[in-house]
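Report on the structure given below.
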Amino acid sequence: MTPRSLLFVPGDRPERLEKALASGADVIILDLEDSVSAANKAKARTDVLQSLGVDRRGVKCFVRINPLSSEPASADLDAVMPGRPDGVVLPKAEGARSIALLARHLDAAEQRHHIPPGETVILPIATETPAAIFKLGEYGGVTSRLMGLTWGAEDLPAAVGASAARESDGRYTPPLELARSLALFGATAAGVAAIETVYPAFKDLDGLATYAARGARDGFSGMMAIHPSQVSIINAAFTPSDEQIAHAKAVVDAFAAQPGAGVVALDGAMLDAPHLAQAKRILARGAAKR
């Protein structure tokens, strides 16, 4: 199932896990990177392993490790893989080489800990360095572990020396809009889920609803969250409505009634193959989420 909501939980705050599991999130991301200070990395690894051992209630649990180029990354994987995380979130990913390297690490770890091969999926954060932007078309066909691509709007502005990521009205600046669009296209080209980035103003639920609806409109299939209060709004935005499902079914039925037709008419509009493909995606998402 493609996740609608992926909720970050700081790895060194295991007391927050219970609320996270009850939030309705499709995926919990136990974080060992940005939300954990350097002094707390070792404790966080122990805490994450402990968290992976609780009853997950059918909720997928991923772990965000530190960048592969950093020393803590190997320690992260060594510490958490015995707990069989469902996936690994890879920050600072830079194209095919990054995920191929992580896939090899996971191959070895799964063998070492008697985990079924290929069980642990990979979700790269694919826009956090300038070099990463030029590699967003490389992700297809590298590893079957790849379950999606997501992007971030924090590290990239700092890397290029930008003073802000957003305009005064809250819209992303043009460089960040470009990164967002390329991440969406890169995920689609690779045949995996496109996951929208976080909405950091966690108390602004109206703003979140608008942003999440825009993400769903643009083609993203899910979104990351930083607070449990955001989850229900994100889930609603990325779950097809009854009206969308009814229309999609009508589109599929219209094509089924005219086998071999390249174009059909429905409600005064002419529809062709892309409309059929979109309708089938909506029905698949609706069936999985209801």
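The values are calculated or read from the model by the stated rules, or taken from the named source; none is laboratory data. As the structure is a computational prediction, the values presented were derived from the model and not from experiment. We place every Cβ from the backbone using ideal geometry, glycine too, and count neighbours over all the protein chains shown. Surface areas here come from the heavy atoms of the whole protein model, side chains and all, with no ligands, DNA or RNA. Shrake-Rupley method; radii C 1.70, N 1.55, O 1.52, S 1.80 Å.
See the values below:
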read-out	value
Subset of segment 134-173 [β-branched (Val, Ile, Thr) and over 29 Å from Pro117 (Cβ atoms)]	Val160, Thr173
Selection from segment 269-290 of residues that are open to solvent by 90 Å² or more (accessible area, probe 1.4 Å) and either of a type in the set (A, V, I, L, M, F, W, C) or assigned to a loop (DSSP other than H, G, I, E, B) (or both)	Met270, Arg290
Hits in segment 171-191 (condition: open to solvent by less than 30 Å² (accessible area, probe 1.4 Å) and of a type outside the set (S, T, N, Q))	Tyr172, Leu176, Ala179, Arg180, Ala183, Leu184, Gly186, Ala187, Ala190
Selection count where residues are over 16 Å from the mean Cα position of the chain (by Cα), open to solvent by less than 20 Å² (accessible area, probe 1.4 Å) and under 20 Å from Ala44 (Cβ atoms), scope segment 68-105	7
Yes/no for Val263 being farther than 30 Å from Leu6 by Cα and in contact (Cβ under 8 Å) with a residue 24 or more places away in the chain	no
Only one of Ser163, Ser144 that is open to solvent by 50 Å² or more (accessible area, probe 1.4 Å) and within 21 Å of the chain's Cα centre (by Cα)	Ser144
Index of the failed condition, Ile234 passing every other in (1) crowded, with 17+ Cβ neighbours inside 10 Å; (2) out of contact with any strand residue (DSSP E or B) (no Cβ under 6 Å at 6 or more places or on another chain)	(2)
Lone unmet requirement of (1) touching a residue at least 24 places away in the same chain (Cβ under 8 Å); (2) closer than 27 Å to Gly140 by Cα; (3) out of contact with any Lys or Arg (no Cβ under 6 Å at 6 or more places or on another chain) for Arg104	(1)
Entirely in segment 71-182, the helices (runs of 4 or more DSSP H) that have 3 or more residues that are in contact with a Ser or Thr (Cβ under 8 Å, 6 or more places away or on another chain) and within 22 Å of Ser35 (Cα to Cα)	155-160
Of the criteria (1) open to solvent by 20 Å² or more (accessible area, probe 1.4 Å); (2) in a loop (DSSP other than H, G, I, E, B); (3) modelled with pLDDT of 95 or more; (4) not hydroxyl-bearing (Ser, Thr, Tyr), which one Ala25 fails	(1)
Residue in segment 215-231 that is surrounded by the most Cβ atoms within 10 Å (Cβ to Cβ), counting only those that are part of a loop (DSSP other than H, G, I, E, B) and of a type in the set (A, V, I, L, M, F, W, C)	Phe220
Residue in segment 241-254 that is acidic (Asp, Glu) and outside any helix (DSSP H, G or I) present	no
Per-region count, segment 157-213, residues farther than 24 Å from Ser229 by Cβ and of a type in the set (Val, Ile, Thr)	4
